[in-house]
1. So, in nm, how far is label residue B:113 from label residue A:38 when the simple model puts each one 7 Å beyond its Cα toward the Cβ?
2. Can you tell me how the range B:382-452 classifies by the Cα gyration tensor, rounded, prolate or oblate, using a/c under 1.5 as the rounded cut?
3. Arrange B:526, A:26 by Cβ neighbour counts within 10 Å, fewest through most, would you?
4. If you stretched the chain out fully between residue B:502 and residue B:486, how much longer would it get, using 0.36 nm times the residue separation minus the C-alpha to C-alpha distance?
5. Using DSSP, restrict attention to beta bridges with both residues in the protein assembly as shown and report what percent are antiparallel, rounded to the nearest 5.
6. Is the shape of the range B:591-711 rounded, prolate or oblate, going by the alpha carbon gyration tensor and its root eigenvalues a ≥ b ≥ c, with a/c under 1.5 for rounded and a/b larger than b/c for prolate?
7. In vacuum, with every alpha carbon of the range B:490-608 counted as one equal point scatterer, what does the Debye formula give for log10 I(q)/I(0) at q = 0.12 Å⁻¹? Two decimals, please.
8. From other protein chains only, count the Cβ atoms within 10 Å of every residue's Cβ in A:135-146, then give the mean.
Amino acid sequence: MNARHESILNHARSRWLWFSLALSLTCLIAYAWHSPSVPPNGGTWLGYTLGTIAGLLILWLMLFGLRKRSYSGSSSLRGWLSAHIYLGTTLILIALLHAGFQVGWNLHTFFLILMLLVIFSGFFGVYCYLRYPTLMTRNRDSATRSAMLEEIAELDQNALALADGIDPKVHSIVLRSIQNTRLGGGVLTQLRARDDSDAALAGIRAALEAREKNNQAAGGAKSGQTIFAMVDFLASGTNDRQAEALRKLIDLLSRKKALASKVARDIQYQALMEIWLYFHVPLSFATVAGLIAHVVSVFFYW
Amino acid sequence: MSERFRIAIVGSGPGGISAAARAAERGESHVLLEAEPHLSNTIFRYQKGKFVMDEPGILPLRSPVPFKAGSREAILDAWNESAARLKINVRHNHEVSAIRRRDDGLFQLDCANGARFEAQFVVLGIGLQGNIRKLGTPGEDLPFVQYQLDDPDEYEGETIVVVGAGDAAIENAIALAKQNNVVIINRRDEFARAKKGNETAILKAIEDGLIECYYNAAPERVDALSVGRKKGRMVLSTPNGKAQLLIDRVIARLGATAPRGFVEACGVVFPSKDPAAVPAISPQYESNVKGLYIVGALGGYPLIKQAMNQGYEVIEYIRGERVEPADEPLLKAKLGGMPGFRGVDEALARIQKNVRVLSHITPLQLREFMLDSDLRTPRPGETVFARNDYTNSFYSIVDGEVHIALDDAGQQHITLRRGEFFGEMGLISGRRRSATVKAGAGCVLIETPRRSMNRLINSVAAVKREIDEVFILRAIQSRFAPEASAEQLKEMVAGATLQKFAAGDVLFSEGEIGDCLHLVRVGSLTISRTIGGKDVVLSYVPAGNYVGEMALLGESRRSATARASIATETVRLDGDSFKKLVNRMPVLKLRLQAEYRQRAASNLAMQALPSGGDIIQFLLAQGAGEATDILLIDESLCVRCDNCEKACAETHGGTSRLDREAGPTYASVHVPTSCRHCEHPHCMKDCPPDALRRAPNGEVYIADNCIGCGNCERNCPYGVIHMASKPPKKPGLLSWLLLGLGPGPGEAPYDPKKSKKEPKEKKAVKCDMCKDEKGGPACVRACPTGAAIRISPEEFPAYAQSRR
């Protein structure tokens, strides 16, 4: 076994890249050398050969789903995936050569488009697989998702207890915020990575500002509109216990906000790494159906 | 006033109850003294419905009391029924506090409740659990004061005082705090005795106000109240004076007193201070105190069936009957293959006469030793074990000879003869075999598994001394001077000493003057240098290698710091005698220099990498230094598909043995919660049926004779073992794909709740590195992106260099 990490693209010194390049080159040379009496199409002997290769390739690419689910055996799944990617890419060229670059408003072109959709959704998958794992690790910062969720729940409890001692309005703001915090959910929510912890923070800030205004009115004019100035004001000692609690509450809610956006982002990355499969796999089954229709129609109705 | 019986049996565990039953059956005058109000307290305290197994399956049961694998309740019911049927004279609530042999030859047994008994013979079957420590205050036996907690969810809305600061107390308090008002009482000002995780958890619970804590406090008394809503009241003494708590329940978790002190007070001698040591007993289970017999776990026999057989036999022996020990047929089958076999006793005597290491032990120990061991008679030329095998059994030569190959071609070899032993290097270092051993003419060997050998080494000092001496000589010989004879090395061996280092201890530091070198015997070292004010790890030195020779050969100062990465033992070789040896043997000097050049080159390569050493340091901090094979996940490649976990579950009966997400990460290198197959596996430490084994390729696995006791789960510091029952079978791929029957490949098996009534047999499960899969570890094979790899610590430097 190898004592280092290799990605799917450079598996076994990019063996499958070279294989795919060689296959493409062979097909291109054959296509250039072949000069049939009619314009190149699927009906010539080269067309049939390329078509057979492409058809078999599609079936083999489909087998990946089975291979992924059979856990015994001795080959590595990484090698299969590497081959799946490179040979899948080669399929574009072979299919186009097979068709002699002819397209039209017919079943065959529809099948070609289906196949291209599958392949390009696969490209998006490769992009996701290469890009998001690193981002996900960085975002998580060594915490697990369940640990972050636990901490959020705990912050909620503490915030509620704190708000309870301030005033009913603040309490209801915090409670509403807790009830409104939704992480995950439908596909779109997952992909958008939004959480609703902003509203509460804004509410608490407003409450603090209102208090500050009152205090200012009582204690003379003081400049400073921002929350930072207010924190200074609070720290100056003219505040009461409630303001102290409010300040603590802001800390808690800010921390929660940071965590909630982290979790939302985590879910987003995970969703991105999975969503493409929901297109790739059904479309690939449709492609197989298309393949059958293509072959049947060619042999029976041409 | 004291009662007199012929036989007094102390403790009603499997051994005691079996002895009492046999005595009752035979009409002997007997008494069974039990501290608790029920029989067999250890099994009684198992959790409800626990499945108890009856290993070893090959051993026949010999007892008037029935026992077969089943739920705790079924076993206890059968025992209670037998006790009543056979009219065993049992006295509950009689905790024996002292046993004394009087001058008139009778034993006098004093109980904590003041009762006194006299007996001609005493059978001690008190096990190893010890006595639960009670509160030691008035009211300690009130009905709402309890010393264990089966199910924390049983209690709701109560005020509960938990007394104690250990793991059990903390775990109980936290579990109870979910539904109850919990107060924890700590005699000291911190929770230092508990595991790190528990300590953090309790401190957090206290800070969050979930649990109230009294530090430096001790209960003074507990009173029952007849009025008010609370059942009782506890008076506490605290640093601020007395406090009073109204309570529903007290749960005291104060640990247990180990039985050793009590046993020693009875006059029984233990061979060593090692906590694993067991008292020496005769083949008839009699201790050094005449008339005092020891059965069961206390005598070193931890399994229920063994103890029950001994209980039966001990009564027969006391009656003067000769019983063939229950293991006689097993030993006969084992030793029958010995050339010139006449009988078990004769064969055992021959073994003891021929093998010097075994001459130090008692006949009963030898029987036990032979039950665990195997007799092997390989043909001449047959390989006993091969170099780089991971086996760790120990071999003694009863007859004939073996050849140890010194080079790969097998041209040069050393011959060992009758009475010598080999395999001690693998046993001690926990690493691969250092040489291939082939059988010679007339070879008869005893192969002993690691656990039995370690137990012997720990309980008989003479065995340990002898093995250590031979180890040092052979280690020097094989590492430095295979050409030299024992005579030439005599001076060096005499000056060699064994040294122990805790993890993180420094063997020598950079810049010191070197006067010795170290051969690593157990554990591993890291070599580091201070570069730019920072300690940079340059290499990892596993057991079997040496460090510090260069300061003796050329430069006189140490060029780097050597530090123990885990608990380590080295053979320290004296510098002067080593220099002499080098001067006498120019070949050695050349060889050392060649090795040095190689090391220096790889160290330089590591130095050139700014972060290379950091990764090694991170891995070692995760305990990877004691690993032999560790799963690493590159998080920049991992797409979190969990196919590794699915593959693990699919290839191992539906339960994944790895937790991908858990575990620390550094610079994208993630160490998931998964077995590292330690050199000296912590899980093997205390396995009653010896079910934890090491396969020739290094895989530490659990054999089918696991009894589900959970010791390994508790002993593993990495949390990679858990208890699981077999999930239901899954449908085939096609019936899932086409008909949708049951869970598909990689999907979790359905909740087996349907059959919840019946106690499910739970066994320990852990990673076995897919030793039965021809393609190797399924987790690695099933990773679609190549994020998961398994590597051994020797490969860390190369791995670190590959990640820049």
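Only the coordinates and a few stated rules stand behind these numbers; no lab work does. Predicted model only: the values in this text are computed from it and were never measured. Cβ placement follows ideal geometry from the backbone for every residue including glycine, while neighbour counts extend to all protein chains displayed.
1. 10.6 nm
2. Numbers: a/c = 2.08, a/b = 1.09, b/c = 1.90.
Oblate.
3. A:26, B:526
4. On the way: separation 16, 0.36 × 16 = 5.76 nm, distance 3.15 nm.
Gain on stretching residue B:502 to residue B:486: 2.6 nm.
5. Numbers: 90 of 121 bridges.
DSSP beta bridges in the protein assembly as shown are roughly 75 percent antiparallel.
6. Details: a/c = 2.70, a/b = 1.44, b/c = 1.87.
Oblate.
7. -0.42
8. Details: counts 1, 5, 9, 3, 0, 3, 1, 5, 1, 4, 2, 2.
Mean shielding by partner chains, rounded to a whole number: 3.
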